[in-house]
Amino acid sequence: MQRFPVARPCLSELEERYALDAVRSGWISSQGPYLRRFEEEFARQCGAATAVATANGTVALHLALAAAGIGPGDEVIVPALTYVATANAVTYCGSRPVFVDVVPETWCLDPEQVRAAITPRTRAVVAVDLYGHPADYRQLAQLCRRHGLLLVADAAESYGATSDGEPTGRLADLTTFSFFGNKIITSGEGGCVVTSDEALAARMRLLRNQGMDPQRRYWFPVVGFNYRMTNVAAALLCAQMERAPEIIAERERVVSAYEAQLADVPLLSPQPVSARVRKAPWMASFLVGPPGDATSRDALARALDREGVETRPFFVPITELPAYRAGQVDHPVARDLGRRGLNLPTYADLTDADLKQIVERIRAAVAIIHAPLTR
Ligand SMILES: *Cc1c(COP(=O)(O)O)cnc(C)c1O
């Protein structure tokens, strides 16, 4: 029986050619033509002035916050439901992440609760485009402007999405991306920050390169980091960017196929999408069972694993993790989504026949978990 992984990179002869070219040129470290090309083209795609390439998406977040001067004593508002890196980046700054619940309509930050969480110590909001759906940037930007807060978008999962027709990358002061192996485009490990604020961009370039003065070698006016991307990774990304329209279209085909073919399965509800956005097809995301159902998702995942279909549970809310749970209030929406959410295999190379098979196995698994226990 063929097993289907939950994710797989979509690599072609073009990635091979560019990576080989980088290797043969000798420029395999953190300088080289592919890096310049990647940063220019990525900024252009995002409609932003500048892109700063980084070693991964986690350090992209840290670099963005550090460049903006977020530090000890500051509070940064983040969603309760996200990948742990969003909160960790705040912690690396010596600041306190303040967790706010998400809304059931988008699975992203609730602007009303963000407003209520603002204190005199609040310096920034990091919104996360969870499972490819952009957060409510119209409301968040207005709120941040009114309170003088920095707005950062963690767009690790939403490359290619738009909100009110604007691409991810233009919706916040700073936008971070990840190019980890399971993301929409990938270099294995990789990340990026885009911004149209040239002063912040210059600060990020300084901090990314160990804090070295660009005019004076081995003169380090500040404590920086080594957060650079390699030219080999950039070569892979140049190929992935060229092929992005095709990769995104294929992933959209996969997500739509699940949504259409599983529409009559009452146990499963698809990711909601706001009329104002085009979500990025990162991972087909469904909720299993009615609100409050704390067992069906795991039962279905186990049954699917036996059927040869690998799935992924949603993130555990950060506020339930040992490092962050002390003194937290309940975030009921994040808690419920974290218990019911399931990602299905999503990658460009899944054929329509593969999808038909996976859907059949999902139907079989649903029937198994619904069968009376005595049978
Ligand atoms: C993947 C991801 C990151 C971190 O990216 P890495 O490249 O793995 O460091 C950050 N935030 C979110 C929401 C992610 O999904």
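Total residues in segment 174-212 satisfying the condition of being out of contact with any Phe, Trp or Tyr (no Cβ under 9 Å at 6 or more places or on another chain) and open to solvent by 70 Å² or more (accessible area, probe 1.4 Å): the figure is 6. Take the conditions away from the ligand (no atom under 15 Å from the Cβ), hydrophobic (A, V, I, L, M, F, W, C), within 18 Å of the chain's Cα centre (by Cα) and at pLDDT 95 or above and apply them to Ala53. Does it pass? Judged against the criteria, Ala53 is not a match. Of all residues in segment 66-79, one or more are at pLDDT 95 or above, closer than 22 Å to Ile184 by Cα, surrounded by 18 or more Cβ atoms within 10 Å (Cβ to Cβ) and within 16 Å of the ligand (Cβ to nearest atom). One residue stands out in segment 124-148 among those that are in contact (Cβ under 8 Å) with a residue 12 or more places away in the chain and surrounded by fewer than 20 Cβ atoms within 10 Å (Cβ to Cβ): the one that is nearest to Ile248 (Cα to Cα), namely Arg138. Screening the candidates Arg228, Arg208, Arg243 for the property of being more than 16 Å from the ligand (Cβ to nearest atom) and basic (Lys, Arg) yields one hit, Arg243.
Being away from the ligand (no atom under 16 Å from the Cβ), touching a residue at least 24 places away in the same chain (Cβ under 8 Å) and over 26 Å from Ser285 (Cβ atoms) is a description that does not apply to Ala202. Filtering Ser187, Ser158 for residues that are within 12 Å of the ligand (Cβ to nearest atom), farther than 23 Å from Pro79 by Cβ, under 23 Å from the mean Cα position of the chain (by Cα) and not in a strand (DSSP E or B) leaves a single hit, Ser187. Looking at segment 256-353, the strands (runs of 3 or more DSSP E) lying wholly inside it that each contain 1 or more residues that are open to solvent by 10 Å² or more (accessible area, probe 1.4 Å) and without any contact (Cβ under 8 Å) to a residue 60 or more places away in the chain sit at 268-270, 285-288. Is it true that some residue in segment 80-97 is farther than 21 Å from Thr162 by Cβ, away from the ligand (no atom under 12 Å from the Cβ) and of a type in the set (S, T, N, Q)? For segment 80-97, residues farther than 21 Å from Thr162 by Cβ, away from the ligand (no atom under 12 Å from the Cβ) and of a type in the set (S, T, N, Q): present. Taken over segment 227-244, the residue count meeting the criterion of being surrounded by fewer than 24 Cβ atoms within 10 Å (Cβ to Cβ) and not in a helix (DSSP H, G or I) is 3. Considering (1) within 16 Å of the ligand (Cβ to nearest atom); (2) open to solvent by 30 Å² or more (accessible area, probe 1.4 Å); (3) closer than 20 Å to Gly32 by Cα, the lone condition that Gln215 does not fulfil carries the number (1).
The values are calculated or read from the model by the stated rules, or taken from the named source; none is laboratory data. As the structure is a prediction and not an experimental result, all values here were calculated from the model. Neighbour counts run over all protein chains shown; Cβ positions are idealised from the backbone, glycine included. When the accessible area is computed, the model is the full protein with side chains, heavy atoms only, and any ligands, DNA or RNA have been set aside. Shrake-Rupley method; radii C 1.70, N 1.55, O 1.52, S 1.80 Å.
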